[in-house]
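Taking it in order: structure first as structure tokens, then the write-up.
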Amino acid sequence: MTTASFVTEGSRLLAFTVAGHSGLAQAGEDILCAAITSAVRLTECAINDVLGLEAGVKVSEKDASITLKLPRNLTGEADEVCQTLLAALMVYFVQLQEEYPEHMNVMEV
């Protein structure tokens, strides 16, 4: 199962961790894992490469996990865009959870 954990502070999203393999299919053929990975990579590219911010990203192959933490003290438009990106990612993952409840879990921490 893949677990997506979103770290919140009040109404703000601060970070997320996605861990584990969905187990929907064999590695390399798992459409759920591919969808999750693609969404995470798009979010990371939008924050770091397009917006030019420096979100902390930690990848662990051992744990099959990735963590992204927004830069501290974001304000203004950059903060609004990052909040929109993380909220959209969370909504997308919840939709995947509804479609694949045995293979995806989303939570706020």
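Note down the Stokes-Einstein diffusion coefficient of the range 1-62 in µm²/s, whole number, using a Kirkwood radius over alpha carbon pairs, 4 °C, and 1.567 mPa s.
Numbers: Rh = 13.1 Å.
Diffusion coefficient, whole number: 99 µm²/s.
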Pop out the ³J(HN,Hα) list for the range 66-73 in order, Karplus 6.51 cos²θ - 1.76 cosθ + 1.60 with θ = phi - 60°, rounded to Hz; leave Gly and Pro as x.
9, 10, 10, 10, 5, x, 6, 6
Using alpha carbon centroids, what distance separates the range 65-98 and the range 1-55, in Å?
9
SASA check, SER11, accessible area w/ 1.4 Å probe, all protein chains in place, rounded to nearest 10 Å², comes out at 120
Please state the equivalent ellipsoid semi-axes for the chain: what are the square roots of 5 times the Cα gyration tensor eigenvalues, largest first, in whole Å?
24, 14, 12
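Considering only protein heavy atoms and a 1.4 Å probe, what is the carbon-and-sulfur percentage of the accessible area of the chain?
Values: 3480 of 6650 Å².
It is 52 percent, rounded to a whole number.
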Quick one: ranking VAL106, VAL50, VAL57 by accessible area, 1.4 Å probe, largest first, what do you get?
VAL50, VAL57, VAL106
List the GluC sites (Glu not before Pro) within the range 40-108 that fall in a DSSP loop (any state other than H, G, I, E or B) and whose Cβ has at most 11 other Cβ atoms within 10 Å.
GLU54, GLU61, GLU102
Ordered by residue, what ³J(HN,Hα) values in Hz, to whole numbers, does the range 8-14 give under the Karplus form 6.51 cos²θ - 1.76 cosθ + 1.60, where θ = phi - 60° and Gly and Pro are x?
10, 9, x, 9, 8, 8, 10
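Please compute the alpha carbon radius of gyration of the range 34-86, then divide it by the globular-protein estimate 2.2 N^0.38 Å. Two decimals is fine.
Cα Rg divided by the expected 2.2 N^0.38 Å: 1.16.
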In degrees rounded to 10, the 0-90 angle between helix 76-99 Cα long axis and the longest Cα principal axis of the chain is 20
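For the chain, give the share of DSSP beta bridges that are antiparallel, in percent and rounded to the nearest 5; count only bridges with both residues there. Kindly include the intermediate steps, with their values, before the conclusion.
Details: 17 of 22 bridges.
About 75 percent, rounded to the nearest 5.
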Which angle between 0 and 90 degrees, to the nearest 10, do you get for helix 31-45 versus the longest principal axis of the chain when only C-alpha atoms count?
10
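The values are calculated or read from the model by the stated rules, or taken from the named source; none is laboratory data. This structure is a prediction, so every number in the text was calculated from the model and none was measured. Glycine gets a Cβ as well: all are built from the backbone with ideal geometry, and neighbour counts include every protein chain shown. The accessibility values were calculated without ligands, DNA or RNA, using every heavy atom of the protein model including side chains. Shrake-Rupley method; radii C 1.70, N 1.55, O 1.52, S 1.80 Å.
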